[in-house]
């Protein structure tokens, strides 16, 4: 059901975008969380979610639809709605989905999401839905017992640049097969999960194959747990967080190999690429509390964006023109969405409902 | 009747002394103060209280979290209150600048204060006051490298159980049993009520104050049918240091427990870092699900792994493969207190060593104890 309410306008200052839309989760109790959108031009909020327990919203590449996990008819699934909340549908599957955000393919025709395959011991898998045919299939083959948190690679360029030592070994043969499949059907990056070894490593995943990404990039990762895989908008570099250096840092896999771009003993996590692929917004505890910072990837120069000794700031997301960053802060005592210009430092409260989480800026569309 | 809260460093040789003190304590009057607001909810003092006690020593300070009302400009006066009503004023000072309706103060335990449990009182300039029972536990020395931790969970006050003993009877029996051991403190990991009704919380609190040791309480899914738990127990995610060890308490109410999107994930990291360095970190929560937010799993079980996770919820002993399967953190699941179960855990120099689950005496139950649903 879609409802509309007018936001409180009096708190809106001048440092706000005059256009654009963000989607976010509204509601304190998980059972009452619902996806909502805020439009900066009209300064109106619309509830667009469906079911309950809504997870973080993810826009389709053209900005016309939103996908999120939700509890609908006592099942956890992936819901898709139009940007105005109309035509809600739940993607069919027999298993429960996990609340890793669903991910759109670059052409907007498919969605990938984590599913729960078993509980004792826990096992996860990847489901890929074709939105045009409503068909669903499991990706990843049988290489790994557990795969989760898939993200589509926008292109296969990085995959094609991967080289192997010997063209004859099994890994090379699998890589060649994976490349062929990726060119036809696309490729995901996901996390292979080995909790008993405290290991979670990135993998390239197609419908029937999966290969360890860092192994192919000649980076040892047998004792680390990666998370939050984030390819840039062109798929030329992948940001991810890892404890491979002893504490949680953000690394970038690209033309220079794997580079630490945050480099601080306090935890750094949740990387988000700027639209031009030059900066990563991320969360860090380097000032004692959780704050939002920028890393200029080329030099790893760090700039604070939203940092305080008295409250936390988290969940950064860039506007499609790269001029604004939305984030969550509990400055007002409860989580609310703020926006700021990266070079400015002053942030403005977005007048949404109480407990607003996981903001996602609507893409420009095509 | 409220027991006095004398604390004696426990060892096997002091059990009889402790028992003697318990008998003496029963003969002493209840606190002549009003505890919390009259309906049992927290009032000004948001922390510490009988579910989140301060664990301190003479001359050392502990933090008090006050919920401000219309007295924001006041400098409140804090005191420790004995069972006979004697008050000992504490030095205090504001700590940090809070953006919310809460203010923090550092209070220093007077040097000559005797060991044991104390009520905490705050007075305003107009003479009004708020008092919480069993809020501050004073130890005359650092807790020893060896101590015993009691674990009780799923007491379900208010649960209707035809032909089985009332949950309050079972809770009382478990309290008596734990009080008679050499446990130094007790962790109560949620589902303290059946359906989060105000009267169920009040009945739980009335029984809780029979404990003669500090009690660390967290919420369970049955306590979170509404937002009342916060009114009775305040923060959902918090930490305490006990001697060489740290206790990290967090809420896991929903299907997607400890989700990645809200403030809890960051708070857990901040508290985890606040507890460093410590010998062991012991996590207290109500349940673990494989769907638990990965951010929280990385913080608790990977980047800086806790040593032991205690929870309940299942009303059963741990089954093979149950609990977080990350490499280092050990897991203990204790069957339900409403069925008469509790567990003692030896915290030793070699690590936490859980004992087999214990059960209240058979004659507590009208019928043989059985495992109930969660």
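The values are calculated or read from the model by the stated rules, or taken from the named source; none is laboratory data. Bear in mind the structure is a predicted one, so any value in this text is a computation, not a measurement. Note: ideal-geometry Cβ built from the backbone for every residue, glycine included; neighbour counts use all protein chains shown.
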* Working carefully through the options B:285, B:281, B:267, B:299, find the one that is more than 11 Å from chain A (Cβ to nearest Cβ) and either without any contact (Cβ under 8 Å) to a residue 12 or more places away in the chain or under 24 Å from residue A:100 (Cα atoms) (or both). => B:285
* Give the stretch A:47-75 a look and list any residue that's part of a strand (DSSP E or B) and within 14 Å of another protein chain (Cβ to nearest Cβ), or say none. => A:52, A:58, A:68, A:69, A:70, A:71, A:72, A:75
* To do: State yes or no: is residue B:126 over 15 Å from residue B:45 (Cα atoms) and surrounded by fewer than 14 Cβ atoms within 10 Å (Cβ to Cβ)?
  => yes
* **helices (runs of 4 or more DSSP H) lying entirely in the stretch A:123-237 (those with 3 or more residues that are over 27 Å from residue A:90 (Cα atoms) and touching a strand residue (DSSP E or B) at 6+ places or on another chain (Cβ under 8 Å))** => A:170-185, A:213-216
* Asked: Of (1) at the interface with another protein chain (Cβ under 10 Å from one of its Cβ atoms); (2) within 24 Å of residue A:113 (Cβ to Cβ); (3) surrounded by fewer than 17 Cβ atoms within 10 Å (Cβ to Cβ), residue A:310 satisfies all except one. Which?
  -> (2)
* Asked: Which members of the stretch A:29-44 meet the condition of being surrounded by fewer than 24 Cβ atoms within 10 Å (Cβ to Cβ) and in a strand (DSSP E or B)?
  -> A:34, A:39, A:44
* Structure fact -> Heads up, the strands (runs of 3 or more DSSP E) in the stretch A:319-366 (entirely inside) with at least 3 residues that are within 18 Å of the chain's Cα centre (by Cα), within 14 Å of chain B (Cβ to nearest Cβ) and surrounded by 22 or more Cβ atoms within 10 Å (Cβ to Cβ) are A:325-329, A:356-361
* Give the stretch A:109-122 a look and list any residue that's more than 14 Å from every other protein chain (Cβ to nearest Cβ) and either surrounded by fewer than 23 Cβ atoms within 10 Å (Cβ to Cβ) or part of a helix (DSSP H, G or I) (or both), or say none. => A:109, A:110
* From the list A:191, A:213, pick out the single residue that is buried (at least 22 other Cβ atoms within 10 Å of the Cβ), in contact (Cβ under 8 Å) with a residue 24 or more places away in the chain and under 16 Å from the mean Cα position of the chain (by Cα). => A:191
* Structure fact -> Inside the stretch B:218-260, the number of residues satisfying the requirement of being touching a residue at least 24 places away in the same chain (Cβ under 8 Å) and outside any strand (DSSP E or B) is 30
* **Only one of B:251, B:346 that is more than 14 Å from every other protein chain (Cβ to nearest Cβ) and over 23 Å from residue A:247 (Cβ atoms)** => B:346
* **Tally of residues being within 22 Å of residue B:172 (Cα to Cα) and within 14 Å of another protein chain (Cβ to nearest Cβ) across the stretch B:318-343** => 1
* Checking residue A:53 against (1) crowded, with 18+ Cβ neighbours inside 10 Å; (2) at negative phi; (3) in contact with a helix residue (DSSP H, G or I) (Cβ under 6 Å, 6 or more places away or on another chain), which test does it fail? -> (2)
* Would you check if there is a residue in the stretch A:168-188 being within 14 Å of chain B (Cβ to nearest Cβ) and within 27 Å of residue A:54 (Cα to Cα)? => no
* To do: Restricting attention to the stretch B:313-339, report how many residues are in contact with a helix residue (DSSP H, G or I) (Cβ under 7 Å, 6 or more places away or on another chain) and either surrounded by fewer than 18 Cβ atoms within 10 Å (Cβ to Cβ) or farther than 27 Å from residue B:257 by Cα (or both).
  => 1
* To do: Just need a number here: residues in the stretch B:302-312 that are within 14 Å of another protein chain (Cβ to nearest Cβ), buried (at least 23 other Cβ atoms within 10 Å of the Cβ) and more than 19 Å from residue B:244 (Cα to Cα).
  => 1
* Asked: at negative phi and within 14 Å of chain B (Cβ to nearest Cβ), is that true of residue A:19?
  -> no
* Asked: Which ones in the stretch B:219-237 are modelled with pLDDT of 90 or more and crowded, with 22+ Cβ neighbours inside 10 Å?
  -> B:219, B:220, B:222, B:223, B:229, B:232, B:233
* To do: For the stretch A:244-261, name all the residues that are within 14 Å of another protein chain (Cβ to nearest Cβ), assigned to a loop (DSSP other than H, G, I, E, B) and either modelled with pLDDT of 95 or more or surrounded by 23 or more Cβ atoms within 10 Å (Cβ to Cβ) (or both).
  => A:248
* Just checking, how many residues over the stretch A:79-98 are more than 14 Å from every other protein chain (Cβ to nearest Cβ) and assigned to a strand (DSSP E or B)? -> 6
* **Search result, residues across the stretch B:180-209 that are within 13 Å of the chain's Cα centre (by Cα) and either part of a helix (DSSP H, G or I) or modelled with pLDDT under 95 (or both)** => B:204, B:205, B:208, B:209
